[in-house]
1. Would you mention how many residues in the stretch 3-24 are under 16 Å from the mean Cα position of the chain (by Cα) and of a type in the set (D, E)?
2. Inside the stretch 96-130, can you point out the residues that are under 14 Å from the mean Cα position of the chain (by Cα) and not small (G, A, S)?
3. For the stretch 171-191, which positions are assigned to a helix (DSSP H, G or I) and either under 17 Å from H102 (Cα atoms) or not basic (K, R) (or both)?
4. Considering every residue within the stretch 76-96, establish whether at least one is modelled with pLDDT of 95 or more, touching a strand residue (DSSP E or B) at 6+ places or on another chain (Cβ under 8 Å) and at positive phi.
5. Taking only the stretch 44-62 into account, find how many residues are outside any helix (DSSP H, G or I) and surrounded by fewer than 18 Cβ atoms within 10 Å (Cβ to Cβ).
6. Just for helices (runs of 4 or more DSSP H) wholly inside the stretch 71-170: which have at least 2 residues that are aliphatic (A, V, I, L, M) and touching a Gly at 6+ places or on another chain (Cβ under 8 Å)?
7. Tell me which residues, restricted to the stretch 71-104, are in contact with a helix residue (DSSP H, G or I) (Cβ under 8 Å, 6 or more places away or on another chain) and more than 22 Å from R12 (Cβ to Cβ).
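The values are calculated or read from the model by the stated rules, or taken from the named source; none is laboratory data. Since we're looking at a predicted model, the values are computed, not measured. Positions of Cβ are generated from backbone atoms using ideal geometry, with glycine treated the same way; all protein chains shown enter the neighbour counts.
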Amino acid sequence: MIPPLEALERLRQGNRRFANGVRRTEALSQEKREQFVAGQAPFATVLACSDSRMPVEQIFDQGYGDLFVIRVAGNIAAPSQIGSAEYAALHLGATLLVALGHTGCGAVGATLESLRKPDAPLSDNLEAIVRRIRPAVEPLLEAASLDDQDALLNEAMRANVRITVQTLRRDSEILRNLMDEGRLLVVGAAYSLKSGKVEFFDEAPDVFSRKTEKE
């Protein structure tokens with residue numbers, strides 16, 4: 001079990017390798033796959049959008065047994081996703097939980113469209129997703145400064161990630177207790193489809209800056 005800040009730095013470094021076109025040769029080796037047949041001990045959980053353009057293990061340059069990945073449209077935190085995150089943290093020892101959104105998110109875009117056209121029909125199942133994203137993006141439609149639709153979608157995506165982080169922290173006593181004990185870090189992040197880079201949000205601590213402050 002590695003400390004939460006070390007887990008965060010491992011993801012940062014992995015994404016830097018990915019964005020620069022450098023990959024670890026052992027990440028998906030046959031030998032490593034065989035090591036995890038009997039069990040798993042992922043160091044981080046990633047609650048990500050289901051978008052096919054965001055292969056989570058690849059963008060963090062991780063391999064077999066490294067990440068516990070939960071994927072759902074719009075990276076929402078419904079009970080089943082929260083329960084999965086609890087399992088990874090409590091029973092598998094994952095010390096980092098990342099809510100990961102991405103540019104050009106279709107689920108966020110669909111939510112914005114449903115707010116513009118409230119009479120447009122949605123299936124009950126799609127409505128369940130949109131309903132969880134709506135509180136994050138609704139205030140942005142009222143902001144006159146966001147006339148650019150691409151900028152609006154990007155801001156809405158980031159707001160949705162922050163709502164997901166808040167939900168994870170608020171709606172799970174298990175996750176809160178682990179956070180209070182210093183055994184879990186919960187942060188938000190956004191992946192750029194264009195650059196391949198992951199931006200961890202302002203509230204995500206920087207490992208090296210903390211080391212500098214201590215020194």
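1. Count: 1.
2. Just the residues of the stretch 96-130 that are under 14 Å from the mean Cα position of the chain (by Cα), to begin with: 96-103, 105.
Those that are under 14 Å from the mean Cα position of the chain (by Cα) and not small (G, A, S): L96, L97, V98, L100, H102, T103, C105.
3. The answer is E173, I174, L175, N177, L178, M179, D180.
4. The answer is no, given that none of the residues of the stretch 76-96 is modelled with pLDDT of 95 or more, touching a strand residue (DSSP E or B) at 6+ places or on another chain (Cβ under 8 Å) and at positive phi.
5. Residues in the stretch 44-62 being outside any helix (DSSP H, G or I) and surrounded by fewer than 18 Cβ atoms within 10 Å (Cβ to Cβ): 4 in total.
6. Numbers: elements: 79-91, 106-116, 124-141, 149-170.
Output list reads 106-116, 124-141, 149-170.
7. V72, A73, G74, I76, A77, A78, I82, E86, L90, G104 - these are the residues of the stretch 71-104 that are in contact with a helix residue (DSSP H, G or I) (Cβ under 8 Å, 6 or more places away or on another chain) and more than 22 Å from R12 (Cβ to Cβ).
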